[in-house]
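Here the structure is laid out as structure tokens; the discussion comes afterwards.
The values are calculated or read from the model by the stated rules, or taken from the named source; none is laboratory data. Note that the coordinates shown come from a computational prediction; the quantities given were computed from them, not determined experimentally. Cβ: placed from backbone, ideal geometry, glycine included. Neighbour counts: every protein chain shown.
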Amino acid sequence: MIVNRQRAVRVAMKPLEKFYLRVRDELGLGEADVTICLVSDAEIARMNETFRKKKGPTDVLSFPAVKRRRAVRLERAAGVKGLGKYLGDVAISPATAGRYARKNGRRLPAELRVLILHGLLHLLGYDHEIDGGEMTRLENRLRRRFDLV
């Protein structure tokens, strides 16, 4: 489910919801659910400081329902086993995403899809800050698969 709680940036919700459902299905996440919330820069800055002790807005934050010792392995054919019904929450700031999109030569809708994918990988236990490039390699492979390059 995607909820828009910000008004600063106009966002087409149906294409994002369709993308989220496609990713969920193609990654074999089954009926596991996620809440993706689009929030203001002020709100994501508060979350960033509260939960990460970092000042200022960021583009995406993830809040897994379960802390995992290891990342869940994505297996194309079999799907993912034992995920539970709820994976967690992802907060995205479209305003910050728009700034990053312009800086990286992308359009906002593509950037938001990249952030949904990135947030989902965090909910599955991947962490690019400590995993020696594992999440980045997987995310790049999935970006190609979902035409997000």
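From 110, 97, which residue is in contact with a helix residue (DSSP H, G or I) (Cβ under 6 Å, 6 or more places away or on another chain), surrounded by 13 or more Cβ atoms within 10 Å (Cβ to Cβ) and more than 25 Å from residue 66 (Cα to Cα)? Talk me through it step by step, then tell me what you get.
Details: 110 fails: in contact with a helix residue (DSSP H, G or I) (Cβ under 6 Å, 6 or more places away or on another chain).
Exactly one residue qualifies, and that residue is 97.
Looking at the range 61-77, is at least one residue in contact with a helix residue (DSSP H, G or I) (Cβ under 7 Å, 6 or more places away or on another chain), modelled with pLDDT of 95 or more and either within 22 Å of residue 3 (Cα to Cα) or surrounded by fewer than 18 Cβ atoms within 10 Å (Cβ to Cβ) (or both)?
For the range 61-77, residues in contact with a helix residue (DSSP H, G or I) (Cβ under 7 Å, 6 or more places away or on another chain), modelled with pLDDT of 95 or more and either within 22 Å of residue 3 (Cα to Cα) or surrounded by fewer than 18 Cβ atoms within 10 Å (Cβ to Cβ) (or both): present.
Going through 36, 44 one at a time, which residue ends up being surrounded by 18 or more Cβ atoms within 10 Å (Cβ to Cβ), under 20 Å from residue 142 (Cβ atoms) and under 16 Å from the mean Cα position of the chain (by Cα)?
Selected residue: 36, the only one of 36, 44 that is surrounded by 18 or more Cβ atoms within 10 Å (Cβ to Cβ), under 20 Å from residue 142 (Cβ atoms) and under 16 Å from the mean Cα position of the chain (by Cα).
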